[in-house]
Amino acid sequence: MQRIYWTTACLLLAAAFLPAAVLAESADTPKKAPASKAPAAKAPAHKTPAKATGDATKAPATGDAAKAPAATPSALTGKAGTPGMPVEKAPAKTFDTPAKAPAKATEPAGKSPDTATPGEEAGAFKPYTGTISVDIVNVRSGPGFYYYPVTTVQQGTPVSVEQRVNEWVGLKPVEGTFGLMKKADLEIAADNASATVSAATARVYAGGQGAKRNWCVMKTLQKGDKVKVLGEAEGDLVKIAPPEGACVYVLASYVAQTKGPAVSTKEPKYPILDIDVKPEGADPQVEEFKAAEAALVEELKKPVAERNYKPLYDRYKAIAEQTTKPYLKRNGAARMQYLQRLIQLQEDYLKVLKLGDDLNKNLSDMALKHASDVDETEIKRASTKPPFLATGVVEPLLSIEGVENPIARYKLVDAKGKPVVLVKSSTVKLDDYVGKAVGVRGTKAFVKEWNINLVTVDELELLE
């Protein structure tokens, strides 16, 4: 117990003297490291944050926090610090920054306020009006050459452009186009002039005067929607006026804008003349080009097989060679290339037609030859009939050597009345030929018991 008492007393004495030793060591530290005099700025650093609120005032009060600024001033200021730099300025700068930041954040980056409209996206499409700028063009059911044509329009036709899809523009349906709907999806009014969609959803298919197909959906309607009925169509379909929002399509390069926002289009595939000529004093070369254009439009209205492109080609060639105007020379050469292509397509088309004609002729010749062969076979077969197995006059058979009820009821006898063969038949009624001279064909068998042949008659001919 005494040992425990003395041990405890020593521990208490050591604890009493330890703080004094630590404090003495701390007091010596500044003498050994003069660079640490920076903490002398503690008072100003402590006063400056006192103007702020919250935890910013309390942070410098701790021992570790007070030492950190003295050791790394650049960490507080955000710059490369230099010895002796006042540390207290960093917090003051930090508190000023948030007040200025919102003003900079509201400025749009890279765009002046005049270049943007609120709620409008840069480059958004805006509808516009225009006219068809080429002679004649297919209007298609969708934005691509894969979609079938519904009608055609000619140069100068006014159109309303509602949308753009890549190189195609969507037009409000032009004259000659209509929608097709299934009768089962509609409740048609008594006057047959209007209808109401009765199905949950109903498809409207693109149709037109020149359409040979009707699979492309131009609009999907909901139950209760109203439509205008134009008349009956093939099968279970009804023609309707195209609904609002439906579009038909042509290449964007074939539409010349007349009103609306500017749009960028590619050069037309076949350049056209685009000049403004005053009526008075009109240039004869320009007038000749316009007359050639009108003649080309008329020629394109004819069936492909009946078109004659050669005079038109010569006409454009003369214009291109004789004109002194660069734009007429350029447009004339472009039309010549266009006509060369049309001539090649026409030749290919006529070749295909000729193949069909040749095929039909070959099939007809084959059918005639087959019929002729059949006739010749029948004639040959008729002319090469086998000879008669026997000839003679048909007589009833009563008995042979006194035997009644023989195996046959008839016989053929010669001119002297002598039996030649016995005859029987299941196909020929021999009773009708009794007393007549006949020739018979069939199968022959020898009846040994009676020493005479028996003919089963398949064919019988009267002999004159």
message: For the structure I just gave you, tell me whether Ala190 is at pLDDT below 95, surrounded by fewer than 19 Cβ atoms within 10 Å (Cβ to Cβ), aliphatic (A, V, I, L, M) and not in a strand (DSSP E or B).
response: yes
field: Criterion (touching a helix residue (DSSP H, G or I) at 6+ places or on another chain (Cβ under 6 Å), surrounded by 11 or more Cβ atoms within 10 Å (Cβ to Cβ) and small (Gly, Ala, Ser)) met by exactly one of Ala195, Ala241, Ala202
entry: Ala202
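Do you know which of the residues in the stretch 205-227 that are over 13 Å from Pro149 (Cβ atoms) and among the charged types (D, E, K, R) is surrounded by the most Cβ atoms within 10 Å (Cβ to Cβ)? Outline the logic, then answer.
Going residue by residue through the stretch 205-227, those that are over 13 Å from Pro149 (Cβ atoms) are 205, 215, 217-227.
Still in the list and also among the charged types (D, E, K, R): 219, 223, 225-226.
Details: Lys219: 19, Lys223: 12, Asp225: 17, Lys226: 11.
Ranking the qualifying residues of the stretch 205-227, first place goes to Lys219.
Would it be correct to say that Ala305 is in a helix (DSSP H, G or I), modelled with pLDDT of 90 or more and outside the structural domain of Val134 (by TED's automatic domain parsing)? Explain how you work it out, then say what you get.
Values: in a helix (DSSP H, G or I): yes; modelled with pLDDT of 90 or more: no; outside the structural domain of Val134 (by TED's automatic domain parsing): yes.
No.
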Gly130 being outside any strand (DSSP E or B) and at pLDDT 90 or above: no
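The values are calculated or read from the model by the stated rules, or taken from the named source; none is laboratory data. Quantities reported herein were computed from a predicted structural model and do not represent experimental measurements. Heads up, the Cβs are rebuilt from the backbone with ideal geometry, glycines too, and the neighbour counts pull from every protein chain shown.
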